[in-house]
Every structure is written in C-alpha cells, then in structure tokens.
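Structure provided below as structure tokens; questions to follow.
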Amino acid sequence: MSITQAWTDLLGEHELAERGRCFARRDGHEIALFCIEDTVHAIADSCPHAGASLARGALEGTTIQCPAHGLRFDLANGCSRGAGGGLAVRTYPVRVLDGRVEVDFGEAAH
Ligand code: FES
C-alpha cells in the first residue's frame, strides 16, 4: 500500500511567523496553525472534548489550552496533557516550501 501526500497551500510563512497563530478553512477542514520557535504545527481547530476553537486558546510552549473548559493538548502529537481522559486532537503533516505553509489533509499525523 502506498501513501500519497497532497499538500494544500494555506498561507505565507512570514505571515504566520508574524501572527504566531492563525485559523484556516480549506476543503472542509478547519485548521489552527501555530509557529513556535520556527516550527509550524497544524491541528484540527475543534477541541475533541466539545468542539471549541483551539486557535483562540492560551499557549504555553507547545501546549495549547482550550478556552472552553481548559483541557490542554500537545501541538506536536495532539495528545492531552494532565486531565484529558486520553482525548487527542488531530494533527496534520505540515511543511514549508518556497515560503508557503502547506498542510496534508489526507493523512492524519496520528
Ligand atoms: S471544549 Fe475544549 S475542553 Fe471542553
């Protein structure tokens, strides 16, 4: 079985770096993007607990805290930290190519 990747252009690398985070909607996906210490993370914007937008959450290192009920997720792997009952947010493969941030919606990173 082969896995093909289809990269979708979302925005410029510099725009994300300046803003630090952004929300994007493409092809039926709602994505929260974060640029932390020159690394781009892409996660589903919807919290797996009750669907709140994670793009507006408080950030501490690479941990995002949901603004609704406070669950925390690691941006690198989507796993919950602390209380979270094993919930995980979907993460997406992301790359920067020619100054553009691209995400692969086809395969979840976990
Ligand atoms: S909706 Fe995110 S913790 Fe409840």
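Kindly state which strands (runs of 3 or more DSSP E) lie completely within the stretch 36-110 and contain at least 1 residues that are modelled with pLDDT of 95 or more and over 19 Å from THR8 (Cα atoms).
Details: elements: 39-44, 58-60, 63-65, 72-74, 94-97, 100-104.
Answer list for the stretch 36-110: 58-60, 63-65, 72-74.
Could you tell me which of the residues ALA44, ALA58, ALA83 is without any contact (Cβ under 8 Å) to a residue 60 or more places away in the chain, exposed (fewer than 14 other Cβ atoms within 10 Å of the Cβ), within 16 Å of the ligand (Cβ to nearest atom) and within 14 Å of the chain's Cα centre (by Cα)?
On the way: ALA44 fails: exposed (fewer than 14 other Cβ atoms within 10 Å of the Cβ); ALA83 fails: within 14 Å of the chain's Cα centre (by Cα).
So the residue among ALA44, ALA58, ALA83 that is without any contact (Cβ under 8 Å) to a residue 60 or more places away in the chain, exposed (fewer than 14 other Cβ atoms within 10 Å of the Cβ), within 16 Å of the ligand (Cβ to nearest atom) and within 14 Å of the chain's Cα centre (by Cα) is ALA58.
I've got another one for you. Whether any residue in the stretch 13-24 is on the phi < 0 side of the Ramachandran plot, in contact (Cβ under 8 Å) with a residue 12 or more places away in the chain and in contact with a Ser or Thr (Cβ under 6 Å, 6 or more places away or on another chain) is what I want to check.
no
Please indicate, with yes or no, whether at least one residue in the stretch 18-34 is more than 27 Å from ASP98 (Cβ to Cβ) and assigned to a strand (DSSP E or B). So that I can check it myself, show each step before the final result.
So the first thing to find is which residues in the stretch 18-34 are more than 27 Å from ASP98 (Cβ to Cβ), and the list is none.
No.
Among the residues of the stretch 61-71, write down those that are near the ligand (Cβ under 9 Å from one of its atoms), crowded, with 16+ Cβ neighbours inside 10 Å and of a type outside the set (S, T, N, Q).
Here is the first cut: in the stretch 61-71, the residues near the ligand (Cβ under 9 Å from one of its atoms) are 65-71.
Retained after the next criterion (residues that are crowded, with 16+ Cβ neighbours inside 10 Å): 65-66, 71.
The answer is CYS66, LEU71.
Follow-up question, since we're still on this one. How about the stretch 25-41: which of its residues are within 16 Å of the ligand (Cβ to nearest atom) and either crowded, with 21+ Cβ neighbours inside 10 Å or in contact (Cβ under 8 Å) with a residue 60 or more places away in the chain (or both)?
To start, the set of residues in the stretch 25-41 that are within 16 Å of the ligand (Cβ to nearest atom) comprises 30, 32.
Answer for the stretch 25-41, where residues must be within 16 Å of the ligand (Cβ to nearest atom) and either crowded, with 21+ Cβ neighbours inside 10 Å or in contact (Cβ under 8 Å) with a residue 60 or more places away in the chain (or both): just ALA32.
The values are calculated or read from the model by the stated rules, or taken from the named source; none is laboratory data. Predicted model, so just to flag it, every value in this text is computed and none were measured. All Cβ positions, even for glycine, are placed from backbone atoms using ideal geometry, and neighbour counts span all protein chains on display.
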